[in-house]
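Please treat every number below as a calculation from the coordinates, not as lab data. Bear in mind the structure is a predicted one, so any value in this text is a computation, not a measurement. Virtual Cβ from ideal backbone geometry, glycine too; neighbours counted across all protein chains shown.
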Amino acid sequence: MSEEKFVDFATVRDLLYEAQDRRGQLTYEQTAALQHAEWAASDARNGSKTDPQVFEDLRNAILSIDSMSNYPELAAKIAELIPMKPIQVKAVAASRRISMEDSDVEQILTLVRQHVGVE
């Protein structure tokens with residue numbers, strides 16, 4: 001059984017560009033995914049461009065929080081979305097029916113701000 005790997009939109013975009021270079025063209029679905037990844041990785045989505053290293057560092061930092069250590073998919077989603085408000089973090093957690101302590105939410109927001117250069 002292989003381990004799941006979580007990647008950011010910039011990585012998806014780059015992988016699809018590589019596939020396009022190798023094959024000459026992409027399928028309809030791949031083209032749609034590329035368009036979405038281009039938008040999602042840009043600063044047009046939330047004011048911050050997606051950077052693969054920042055994503056990985058932030059994901060790992062979020063996983064170091066005890067309450068998040070068993071939820072790598074949520075850590076990846078939070079790292080990708082770069083939330084700046086408590087309600088945004090809680091919405092991601094609620095999508096998996098997980099309640100979070102306010103202190104954990106604040107810790108996540110602090111990590112996000114530190115990793116994207118807001119603080």
Selection from F9, A32, P52, by position along the positive dipole direction of the chain (Cβ): A32
Approximate spin-label separation R96-R113, in nm, with each point projected 7 Å along Cα-to-Cβ: 2.4 nm
Hydrophobic long helices for the chain, i.e. whole DSSP H runs reaching 18 angstrom or more by Cα along the axis with Kyte-Doolittle mean at least -1.0, come out as 9-23, 28-41, 102-116
I'd like to know which of I78, S64, A91 lies farthest towards the positive end of the charge dipole of the stretch 52-116, counting +1 on Cβ of Lys and Arg and -1 on Cβ of Asp and Glu. A91
